[in-house]
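Undergrad: Could you have a look at this structure, given as structure tokens, before my questions?
Bear in mind these aren't lab numbers, they're just calculated from the coordinates by the rules spelled out. As the structure is a prediction and not an experimental result, all values here were calculated from the model. In this analysis, Cβ positions are derived from the backbone assuming ideal geometry, glycine residues included, and neighbour counts consider all displayed protein chains.
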Amino acid sequence: MVNLYNFDNLELIRVARDVAEQKGLNLEMVVDAIEQALELVSRSKYGDCKIKASIDRKTGVISLSRQALVVNDDMSFDSEQYGILPGEVNKYKLIKISDAVADGKEDVKVGDILLEPLPPVDVDYNSAKVARQKVAQLIMIQERKRQYEEFKDRVGDLVYGVVKRVEYNNVVVDLNGSEGYLPVYNTIRGEVFRPNDRVKAHVEEVRQEELSGPQIFLSRVSRRFMELLFKQEIPEVYDGIVSIKALARDPGSRSKVAVFSSDKNVDPVGACIGARGVRIQNIVSELHGEKIDVVLYSSDLAKFVVSAIAPAEVVKVIIDEDVEKIELVVPENQVSLAIGRYGQNIRLASELVGWEIDVIGDETESTRKAKELSFGAKVFVDGLDVEEIIGQLLVSEGFSTIEDLDKVDVAEITAIDGFNEEIAVELKKRAAEYLTRRREEALETLKNMSVSEEVLELPYLEIEDVVKLCEGGIRNVEDIASMCTDEFYDTVPKARLSKEQVDSIILESRKRMGGRPTLKLGARASTLTKTPASAGGRTFMTVEVRSRKRKSGGVSSPEGVGYGALPYTSDDGRQRQASRSATCGLTAREQLSRINAIHTADSISAQKEAAKKFRDEEEAETAPPAEGGDVIDGSDGVKEPAPPQMM
């Protein structure tokens with residue numbers, strides 16, 4: 001680095017030129033850095049003032065000058081008018097305009113900056129050390145700016161480099177004068193790099209960091225890196241004759257690449273593999289032995305997925321476009337082959353195709369199909385009063401419910417083998433009558449269930465869904481808002497509504513609850529919070545209520561409010577099964593602990609036992625009331641705290 005202590009002027013220029021060539025910088029940038037270092041050293045000698053250092057680019061002669069600011073004769077100066085910060089004005093030497101004119105500077109005006117020569121500075125060892133550090137810092141900043149400008153437009157490009165050093169398994173790569181950073185998580189599993197090893201990677205990201213930290217991030221595990229290797233090793237891919245349509249990769253283990261060619265005379269798979277597999281073997285070697293399956297891309301989804309699941313043979317493809325799911329039927333002895341080790345083959349095939357893929361054996365599929373055919377036919381036989389053969393034909397054509405039949409046109413039903421227009425019209429008529437009849441029955445059922453009108457207004461919910469919710473004890477939006485998706489599916493059949501639709505229903509319920517009071521410890525109003533829990537064929541709810549405040553030896557609950565847990569039966573209209581618990585003498589934490597303990601009991605008997613245990617503890621811990629005594633509840637004979645006397 002530049003030695004500013006006891007240096008020769010020409011030597012200074014020569015060293016600056018060498019540094020510029022070594023770092024790939026402009027000579028002017030290096031000289032500017034040296035000038036800034038000289039100004040820093042000069043300020044340590046002359047104080048915190050504006051000093052200008054300049055180096056002659058030919059002779060290397062250094063000159064120092066102090067900057068003087070021309071002001072009015074009354075020493076006034078408007079800093080805003082001349083674009084100088086108020087705090088910077090005092091760093092200049094102030095000179096009156098009349099004095100400047102008297103010194104022979106007739107063209108000078110207020111706001112001009114004059115240079116007054118300063119004597120040379122004696123540079124000692126410490127000053128030289130400070131100057132060297134400043135020069136190194138400024139040069140590093142310029143170097144990092146150059147690297148950023150060079151690589152900011154090369155994101156996604158393939159680069160070659162030499163390993164410079166390895167830091168905690170992270171590799172620093174020399175990219176022709178620039179530093180690339182290859183993190184350990186972007187290296188292929190099992191790779192080991194040593195200094196001076198040649199490395200090939202692709203530029204994943206470029207950041208602008210001025211002082212420290214990596215700027216150029218490299219990767220060898222991305223799909224883009226494999227695509228670039230194909231372009232490098234296979235001329236047809238580079239020229240665009242063969243295109244890569246999709247790519248799925250498990251770095252270091254296995255990859256699947258779908259290729260296609262618009263030229264009918266070119267075999268895209270053969271072009272990628274090469275004679276005796278030479279071309280693909282070069283890529284495999286670069287990827288540390290990663291296995292690569294090259295498959296033929298097809299716009300026909302069924303053909304494409306059959307190629308993607310190779311080497312397993314596919315007997316049947318079932319495509320569900322509504323949920324973008326594909327079911328592949330393979331021979332029973334090839335199910336494990338289709339799935340692959342740890343599910344790798346089916347996972348890569350799914351990623352390649354972009355659809356969810358399931359694999360089942362042909363024997364399993366035959367058994368399932370027979371059950372579905374029998375069950376589906378029964379739905380149409382019972383609902384439409386038709387022969388079983390007609391129900392089986394409808395199921396085989398993809399009709400699973402009577403609603404599906406009601407939604408299609410007569411022409412689509414007529415297109416089924418063995419059906420004519422008369423049969424199609426009659427089926428549509430019976431389907432409409434069945435749905436109307438079922439809807440009327442459901443509405444009649446809802447009238448007796450006291451369901452909230454807000455529930456009927458929720459999106460995606462049919463009358464039958466609302467009936468099932470009511471049968472499960474869910475009658476208002478508050479109940480639905482407290483549910484999760486799995487709890488909803490426990491009540492409503494999963495096949496009827498998708499997860500996204502259920503999430504929308506729950507979210508809409510929570511929106512409709514906006515602004516309603518919720519229960520908190522210490523609240524003044526009574527609030528019910530119901531949590532459905534099935535036990536013994538009955539639905540239980542935890543009801544939290546406000547206890548009446550009473551005196552108890554000078555001890556009272558926070559804000560005079562306590563809560564108890566009451567299990568209810570909601571299906572047969574029975575009376576309460578447990579009484580209100582007096583918890584006035586408990587802290588909020590103790591109250592909540594006891595409520596949760598009763599609510600989470602596994603059975604009715606456990607709930608009763610827990611409630612009785614806590615009541616006994618409370619009666620033992622709580623002193624008798626000072627006034628009024630206890631009141632006997634006539635419904636179950638359990639004591640309740642007496643209300644306070646009016647003063």
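Undergrad: Taking R0 as 41 Å, what's the FRET efficiency between Arg438 and Asp503 from their Cβ-Cβ distance, rounded to 0.05?
TA: 0.95
Undergrad: Do you know the relative contact order of the stretch 184-341, to the nearest whole percent, from alpha carbon pairs under 8 angstrom that are 6+ apart?
TA: Numbers: 213 pairs, mean separation 23.6, N = 158.
In percent, rounded to a whole number, it is 15.
Undergrad: Can you tell me the relative contact order of the stretch 376-433? Whole percent, Cα pairs under 8 Å, sequence separation 6 or more.
TA: Here the relative contact order equals 31 percent.
Undergrad: What distance in nm lies between label points placed 7 Å from Cα along the C-beta direction at Arg198 and Asp322?
TA: In this crude label model, Arg198 to Asp322 measures out at 5.8 nm.
Undergrad: Run the dipole for the stretch 449-512 about the Cα centre, Lys and Arg Cβ at +1, Asp and Glu Cβ at -1, nothing else charged, and hand back the magnitude in debye, nearest 20.
TA: Details: 8 positive and 15 negative charges, 19 e Å.
The calculated dipole for the stretch 449-512 is roughly 100 debye.
Undergrad: If you don't mind, another one. Listed here are the pairs Lys369/Lys407; Lys407/Lys429; Lys316/Lys369; Lys231/Lys264; Lys325/Lys499; Lys200/Lys245; which of them are more than 18 Å apart at the Cα?
TA: On the way: Lys369/Lys407 24 Å; Lys407/Lys429 12 Å; Lys316/Lys369 13 Å; Lys231/Lys264 20 Å; Lys325/Lys499 15 Å; Lys200/Lys245 23 Å.
Flagged as over cut-off: Lys369/Lys407; Lys231/Lys264; Lys200/Lys245.
Undergrad: In addition: With the Cα gyration tensor of the stretch 129-260 giving a ≥ b ≥ c as the square roots of its eigenvalues, does the rule (a/c under 1.5 for rounded; else a/b larger than b/c for prolate; else oblate) give rounded, prolate or oblate?
TA: Working: a/c = 2.86, a/b = 1.94, b/c = 1.47.
It is prolate, given that a/c is not under 1.5 and a/b is the larger ratio.
Undergrad: Another one. Once the other residues with Cβ under 11 Å from the Cβ of Arg430 are scored (Lys, Arg +1; Asp, Glu -1), what is the net sum? Walk me through the intermediate numbers first.
TA: Values: positive: Lys428, Lys429, Arg437; negative: Asp385, Asp406, Glu426, Glu433.
The answer is -1.
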